[in-house]
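> Handing you a structure now.
The values are calculated or read from the model by the stated rules, or taken from the named source; none is laboratory data. Computed from a predicted model, the values in this text were never measured in an experiment. Virtual Cβ from ideal backbone geometry, glycine too; neighbours counted across all protein chains shown. Surface accessibility is based on the protein's heavy atoms, side chains included, excluding ligands, DNA and RNA. Shrake-Rupley method; radii C 1.70, N 1.55, O 1.52, S 1.80 Å.
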Amino acid sequence: MPKNTNFTVEIERETDGRWIADVQELPGVMVYGKTRKEALAKAEALALRVVADQLEAGEKASEFTSVVFSLV
């Protein structure tokens, strides 16, 4: 049975107008974007790169069957 791995993306607007997105379950996965949509896309892409690196290193081999992103 597939196991979902849920990542929570927190998005806020900075005082200078940029958007910041942070994936809470993956320390260091934080990005800026010109728009909310761009920040979300960049955060999801970086999170998937981190997951891919973990899989290649054998750190999380059986943990990731399905990845789900949720906004807060």
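> Relative to the longest principal axis of the chain, what angle (0 to 90°, nearest 10) does the C-alpha long axis of helix 36-56 take?
It works out to around 30 degrees.
> Pulled fully out, how much extra length does the chain show between Phe69 and Asn6, if you take 0.36 nm times their separation in residues and subtract their Cα-Cα distance?
22.1 nm
> Grab the other residues whose beta carbon is less than 14 angstrom from that of Arg36, score K and R as +1, D and E as -1, and report the net. Mind showing how you got there, number by number?
Details: positive: Arg13, Arg18, Lys34, Lys37, Lys42; negative: Glu10, Glu12, Glu14, Asp22, Glu38, Glu44.
For residues surrounding Arg36, the net value is -1.
> Multiply the residue gap between Lys37 and Arg13 by 0.36 nm, knock off their C-alpha separation, and tell me the result in nm, one decimal place.
Once the chain is fully extended between Lys37 and Arg13, it gains 7.5 nm.
> May I ask for the net charge around Ser70, where only other residues with Cβ less than 12 Å from the Cβ of Ser70 are counted and Lys, Arg are +1 while Asp, Glu are -1?
So the environment of Ser70 carries a net charge of -3.
> Could you give the size of the charge dipole of the chain about its Cα centre, using +1 on the Cβ of each K and R and -1 on the Cβ of each D and E, expressed in debye and rounded to the nearest 20? It would help to have the intermediate numbers written out before the result.
On the way: 9 positive and 12 negative charges, 56 e Å.
Roughly 280 debye for the chain.
> Same structure, new question: Could you provide, to the nearest whole Å², the per residue accessible area of the chain with probe 1.4 Å?
Heavy-atom accessible area per residue stands at 67 Å².
> So what is Rg over Rh here for the chain, counting just Cα atoms and using Kirkwood for Rh?
So for the chain, dividing Rg by the Kirkwood Rh gives 1.03.
> For the chain, which longest stretch is free of loop sites, where a loop site is one of the trypsin sites (Lys or Arg not before Pro) that DSSP puts outside H, G, I, E and B and that has at most 16 other Cβ atoms within 10 Å?
Value returned for the longest uninterrupted segment is 35-59.
> Follow-up question, since we're still on this one. Add +1 for every Lys or Arg and -1 for every Asp or Glu among the other residues with Cβ under 9 Å from the Cβ of Val23, and state the total.
-4
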